[in-house]
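S.K.: Okay, handing you the structure first.
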Amino acid sequence: MEQSKTVVKIVQRLFFYEFPNQNTNNTTSFFHSDILPRLKHSLSLTLKHFLPLVGNLTWPQTSYKPIFVYDERSDAVSLTVAETDVDFYRLSGTNEFLEATEYHPLIPNLDVSHERAAALALQITLFRNCGFSIGMSMHHAALDGKSVQLFVKTWADMCRSRDCDDDDRSKPLYDRTVIKDPMGLDSIFAKQLRDLDNGPDNRSLMPWSFKQVPSGSVRGTFQLTRAKIEKLKQYLMTNNIEQFHLSTFSVTCAFIWVCLNKAEEIYLSSQISALGFTVDSRSHLVDPVPETYFGNCYVGKVVFADAKRLVGKEGLAVAVKVIGESISSFESIKGSVLNGAENLVSSFIESFSRSEYSEGIATTPSRPIVYYIAGSPGFEVYSSDFGWGRPRKTDVVSIDRARAQMEAFASFFAQGLE
């Protein structure tokens with residue numbers, strides 16, 4: 001019987017760094033003699049503290065859930081070093097659309113199979129006399145966004161400090177007992193995953209697969225400055241929406257959600273539109289978990305709204321209201337973030353299978369389009385300085401299922417800020 005895939009996906013992130021001292025003519029030589037050796041050496045020091053990333057994920061018959069296996073004699077993180085003649089400033093810029101596939105050569109392949117999966121793969125690509133990129137592929141079963149950034153920041157700190165392995169630096173916490181689980185969610189989730197598709201004993205470690213990126217798909221970068229976000233908040237307060245949760249996150253997500261619905265004319269094919277986002281649960285549990293906890297400690301939330309109302313005059317207020325109510329519901333009471341968590345896997349599968357990413361526009365009014373938020377400003381990814389300055393640009397590559405309506409989205413995005 002063919003094994004099915006898990007609902008876990010591969011996360012791919014890309015960092016672009018511009019060379020310092022652009023007036024010199026030997027930047028390529030400088031990369032090979034200074035930058036690359038420092039990156040590699042500091043990576044080896046960092047990985048001593050992140051051994052799960054060096055090992056492999058397995059799911060033996062003797063374990064009800066996946067486990068990490070690390071063999072110091074043979075296991076290692078795959079690191080690819082490449083060079084390219086592609087225009088560095090075009091790929092790392094924000095002024096034009098890019099073909100969705102243009103980033104793909106900069107991202108390493110992650111070795112995964114049904115029985116065994118690597119946790120991390122890295123690729124460093126040299127753009128001659130311009131800069132370099134660091135591409136990462138990670139198995140989401142191994143770590144969440146918070147843990148990813150802990151690893152990246154630790155690596156960057158060690159590289160910037162000339163490989164000083166400082167014992168005072170924050171180290172990852174692997175103690176799973178810090179998460180209290182009176183409901184037995186651990187075993188519930190594991191059973192739901194084993195029962196997927198061809199259950200009842202599906203132990204595949206293959207990630208969720210998407211359809212191929214449609215031909216002509218493009219990627220765009222849109223910037224919401226602090227001033228523009230405040231302008232959106234002022235608009236909502238002027239229209240008596242101040243009682244809602246007017247955080248930067250809720251207002252930003254609401255604005256993007258509205259623009260997406262207008263650009264793709266969701267109301268023509270579906271009565272309902274949905275927005276999914278994840279919540280870092282470390283500080284929201286009854287017994288708070290340390291910020292350095294390494295692994296996955298988040299829950300997914302999906303909010304719904306009438307598609308026609310989202311594209312109407314009050315669309316932004318409608319979106320902010322449902323997002324704000326969802327956030328307020330778990331911020332008000334410690335531990336409430338886990339309300340309904342026993343159904344998390346099944347509800348995620350249902351909403352994900354309905355999403356545009358996997359099936360295209362819904363064909364019946366009862367099946368909402370689901371958009372998902374990837375990443376978080378709270379990760380502070382632009383603070384990842386390895387010693388040659390902050391990244392010129394960083395992007396999540398694993399969301400590049402963009403559609404041809406990007407130009408329409410850009411227009412609505414600009415109009416909404418005027």
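S.K.: Could you tell me what % of all Cα pairs in the stretch 1-146 have separations over 22 Å? Write out the running numbers ahead of the final one.
M.R.: On the way: 5140 of 10585 pairs.
Of all Cα-Cα distances in the stretch 1-146, 49 percent exceed 22 Å.
S.K.: Estimate the FRET efficiency between residue 408 and residue 102 by the formula 1/(1 + (r/R0)^6), using the beta-carbon distance for r and 22 Å for R0, to the nearest 0.05.
M.R.: Details: r = 21 Å, r/R0 = 0.96.
Rounded to the nearest 0.05, the efficiency is 0.55.
S.K.: Hey, what D do you get for the stretch 108-193 in µm²/s if you plug the Kirkwood alpha-carbon radius into Stokes-Einstein at 20 °C and 1.002 mPa s?
M.R.: On the way: Rh = 16.2 Å.
Taking Rh from Cα pairs, D becomes 132 µm²/s.
S.K.: For residue 385 and residue 283 in the same chain, what is the full-extension length gain: residue separation times 0.36 nm, less their Cα-Cα distance, in nm?
M.R.: Working: separation 102, 0.36 × 102 = 36.72 nm, distance 2.65 nm.
Stretched fully, the residue 385-residue 283 segment lengthens by 34.1 nm.
S.K.: Let me ask you something else. If I take the Cα coordinates of the chain and project them onto the principal axes, what are the three extents in Å, biggest first?
M.R.: Principal extents (Cα only, largest first): 58, 58, 44 Å.
S.K.: Can you pull out the trypsin sites (Lys or Arg not before Pro) in the stretch 101-168 whose DSSP state is coil and whose Cβ has at most 15 other Cβ atoms within 10 Å? Write down the numbers at each step before the final one.
M.R.: Numbers: sites: 116, 128, 146, 153, 160, 162; in loops: 128, 162.
Listed in order of number, the matching sites are 128, 162.
S.K.: Percent of alpha carbon pairs in the stretch 285-328 separated by more than 11 Å? Mind dumping the intermediate values first?
M.R.: Details: 695 of 946 pairs.
The share of Cα pairs beyond 11 Å in the stretch 285-328 comes to 73 percent.
S.K.: Got a number for the accessible area of residue 406? Probe 1.4 Å, square angstrom, nearest 10.
M.R.: Its accessible surface works out to 30 Å², give or take rounding.
S.K.: Which whole-number percent is the relative contact order of the stretch 10-195 (Cα, under 8 Å, 6+ apart)? Please list the in-between numbers first.
M.R.: On the way: 247 pairs, mean separation 57.4, N = 186.
Computed value for the stretch 10-195: 31 percent relative contact order.
S.K.: On the accessible surface of the chain, probed at 1.4 Å, how many percent belong to carbon and sulfur atoms?
M.R.: Values: 10400 of 20150 Å².
So the carbon and sulfur contribution to the accessible surface is 52 percent.
S.K.: A further question on this structure: Does a label point 7 Å from the Cα of residue 189, set along Cα-to-beta-carbon, have any residues of the stretch 110-149 with amide nitrogen under 15 Å, and which are they?
M.R.: 139-148
S.K.: Right, something else. Considering only protein heavy atoms, what per residue accessible area in square angstrom results for the stretch 1-123 with a 1.4 angstrom probe? Don't skip to the end; give the middle numbers.
M.R.: On the way: 6450 Å² over 123 residues.
On a per-residue basis, the stretch 1-123 sits at 52 Å².
S.K.: Rank-order 296-302, 338-344, 380-386 by packing density, defined as the average count of other C-beta atoms within 10 Å over each peptide's residues, highest first. Mind dumping the intermediate values first?
M.R.: Working: 296-302: 18.6, 338-344: 14.0, 380-386: 16.3.
With the highest mean Cβ count within 10 Å placed first, the list reads 296-302, 380-386, 338-344.
S.K.: Percent antiparallel among DSSP beta bridges with both residues in the stretch 10-195, to the nearest 5? Don't skip to the answer; put the middle values down first.
M.R.: On the way: 24 of 31 bridges.
Looking only at bridges with both residues in the stretch 10-195, the antiparallel portion is about 75 percent.
The values are calculated or read from the model by the stated rules, or taken from the named source; none is laboratory data. Quick caveat, the model's predicted, so the values are computed rather than measured. Here Cβ is always computed from backbone atoms with ideal geometry, including for glycine, and neighbour counts include all displayed protein chains. In case anyone asks, the SASA skips ligands and DNA or RNA and just uses the protein heavy atoms, side chains included. Shrake-Rupley method; radii C 1.70, N 1.55, O 1.52, S 1.80 Å.
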